[in-house]
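What follows is a short report on a single structure.
Laboratory data are not the source of any read-out in this text; all were calculated from the coordinates shown. Only a predicted model underlies this, so the values are computations on that prediction, with no experimental measurement involved. In this analysis, Cβ positions are derived from the backbone assuming ideal geometry, glycine residues included, and neighbour counts consider all displayed protein chains.
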Amino acid sequence: MTSHIQIFDTTLRDGEQTPGVNFSFDERLKIAKQLEKWGVDIIEAGFPASSSGSFKSVEAISKTLTTTAVCGLARCVKKDIDAVYQSTKEAVKPRIHVFLATSPIHRDSKLMMSKEEVLASIKEHVAYATECFDVVQFSPEDATRTELPFLIECVQTAVDAGASVINIPDTVGFSYPTEYGKIFKTLQESIKTNHEVIYSAHCHDDLGLAVANSMSAIENGAKRIEGTLNGIGERAGNTALEEVALGLYVRQDHYGNQTQINLEETKNTSDLIARYAGIRVPRNKAIVGQNAFSHESGIHQDGVLKNPETYEIMTPQLVGVKTTELPLGKLSGKHAFSEKLVALGYDVDAEEQKELFKQFKTIADKKKSVTDRDIHALIQGTEHEQNAIYKVEALQLQFVSNGLQSAVVVIQDKDGNTYQDSSIGTGSIVSVYNAVDRIFNRKTELIDYRIESVTEGTDAQAEVHVQIKIGDQIVTGVGIDHDILLASCKSYVEAHAKYVSNSEVKEGIHS
Ligand code: KIV
Ligand code: ZN
């Protein structure tokens, strides 16, 4: 008999703690809808007390989702719990996740709390949360570095106070599979309760063991796995949920457990997160990497042609990877374009489709064949432009002398006001970026500049990612265009614009 493993997605909370990742309000809503389509059981939509931006998006996600539980994070602080209640109260299934660090290093160096004070705080705040929520999840942060007898005491206190989900975070990715699994076994043997308690695993990937530790937790009775798409998150990231879902599916002979994940939506979901986070998945990444289903060596190719199962333990179709792509071209009409959007998982209204079709035609005039990746880039570029506070209106470059370049940049804000400035620099990009800095009148530090081609071939579009530091804030921007310099300029303007809209600084919970 197979039993159900709940998938708890924290892409919008722990995933957003990835350095340089700042999802916009619209992006958070779109991610939440896609996660619901993918079939997760619970979405941790944010940490509502941390900023009004987080509060508003948790509230909007709660009002939008129709089947999935929406959870908010809270410290052991009453105003945090109130903020989760207020922001999730309209969700079909509102949930709360209360946490407090329990390990000696956190007690002594961060919280300055004795063991007794930690226990008292757990008791008080879990009990307080049960006044507004049917299901309360408690996490002893840094559980894997907590003395086991004290961890048991903390969990017993939370369960006695009404917690029905106990999450065991390996906060710093320190544990290994047999050790982590044993914690789950010990807790189930030690905790006394007359109500059902679900044990949940939450792993970080500092030693590259997050998925292995999560699978070990399942082998030892965990019924919920927390993680993110593509494994994004603080430092080395969190458990990659797509790997857990496929691991359980492909090796059901061993695990005997199933999730309710709609596996065919895996690739679409992963692509969406990669785009909005601005973090491409490595080519060799399990399940969703570009190479995950390609075969290079002649022997492997020969085997796969004779029988795919010789070298494939799952089909690309199972996770929604399309192997036989039908590219569009100059002669493709509205109908073919619209079908392609649907096939790629986009839900675009008729008005928007008209605009996208015009832009598709412009690309098709420049490129022999328009691939799926071009279409993804087109949508991404349009979304960026639609949400942009500032747009690049014009860019002009001129060679000066001694290798110097001069750039004139014109940008426009949402109200139609234009701003322009010029600057020289030791190269084209430097002069463009100097001119943009002058428009915004800000000092910046360029942390990362990455240029990728959307597809193969010399007619490919360029996708530029920048990461800049303004004051103590790191912001990112993406620009897509056939012209590399224009793509570079767009990405830089977007990063500046994000700084403007992020007037509320992202607050990390571990700081
Ligand atoms: O990693 C961690 O400890 C967390 C907690 C908030 C559960 O993310
Ligand atoms: Zn975490």
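Backbone N atoms of the stretch 350-389 closer than 15 Å to the 7 Å Cα→Cβ label point of residue 482 belong to residues 358-371, 374-375, 378.
Distance between the 7 Å Cα→Cβ label points at residue 198 and residue 347: 2.4 nm. Using the Cβ-Cβ distance between residue 252 and residue 160 with R0 set to 30 Å, the FRET efficiency from 1/(1 + (r/R0)^6) comes to roughly 0.25.
Given +1 at the Cβ of Lys and Arg, -1 at the Cβ of Asp and Glu and no other charges, the dipole of the stretch 268-343 around its Cα centre is 420 debye to the nearest 20.
The equivalent ellipsoid of the stretch 240-370 has semi-axes of 32, 20, 13 Å, largest first, where each one is the square root of 5 times an eigenvalue of the Cα gyration tensor.
As a proxy for reagent exposure, 314, 215 were ordered by neighbouring Cβ count within 10 angstrom, fewest first; the result is 314, 215.
For the chain, the alpha carbon convex hull comes to 174 Å³ per residue, rounded to a whole number.
The gain in end-to-end length when the residue 120 to residue 383 segment is fully stretched comes to 89.9 nm, 0.36 nm per residue minus the alpha carbon separation.
Subtracting the Cα-Cα distance of residue 294 and residue 355 from their residue separation scaled by 0.36 nm leaves 18.5 nm. Between beta-carbons, use under 15 Å as the cut-off and find the net charge around residue 107, counting Lys and Arg +1, Asp and Glu -1. For residues surrounding residue 107, the net value is -3.
Annotation note: GluC sites (Glu not before Pro) in the stretch 67-117 located in DSSP loop regions with a Cβ neighbour count of at most 16 within 10 Å are 90. Loop-located trypsin sites (Lys or Arg not before Pro) in the stretch 159-234 (DSSP state other than H, G, I, E, B) with a sparse environment of at most 11 neighbouring Cβ atoms within 10 Å: 192.
Based solely on its DSSP helices, what 222 nm [θ] is calculated for the chain when runs of n ≥ 4 H residues each add -39,500 (n - 2.57) and the sum is averaged over all residues, nearest 500 deg cm²/dmol?
That comes out to -12500 deg cm²/dmol.
The charge dipole of the stretch 1-118, taken about its Cα centre with unit charges on the Cβ atoms of Lys, Arg (+1), Asp and Glu (-1) only, comes to about 160 debye. The long axis of helix 210-219 is offset from the longest Cα principal axis of the chain by roughly 40 degrees. Between the listed residues 157, 292, 406, the Cα displaced farthest toward the positive end of the dipole of the chain, a dipole computed from Cβ unit charges relative to the Cα centre, is found at 406.
Ranking of 106, 97 by neighbouring Cβ atoms within 10 Å, starting from the fewest: 106, 97.
Ranked for footprinting exposure by Cβ neighbours inside 10 Å, fewest first, 373, 450, 13 give 450, 373, 13. Using alpha carbons only, the radius of gyration of the stretch 36-151 set against its Kirkwood radius gives Rg/Rh = 1.02. Most simply put, the chain has about 50% antiparallel DSSP beta bridges, counting only bridges with both residues inside it. Separation of the stretch 395-433 from the stretch 281-358 is 39 Å, based on Cα centroids.
To the nearest 20 debye, what charge dipole does the chain have about its Cα centre, counting +1 at the Cβ of each Lys and Arg and -1 at the Cβ of each Asp and Glu?
Approximately 500 debye in magnitude.
Hey, for a label at residue 443 modelled as a point 7 Å past Cα toward Cβ, could you say which residues of the stretch 455-497 have their backbone N under 17 Å away? Residues passing the 17 Å test: 468-474.
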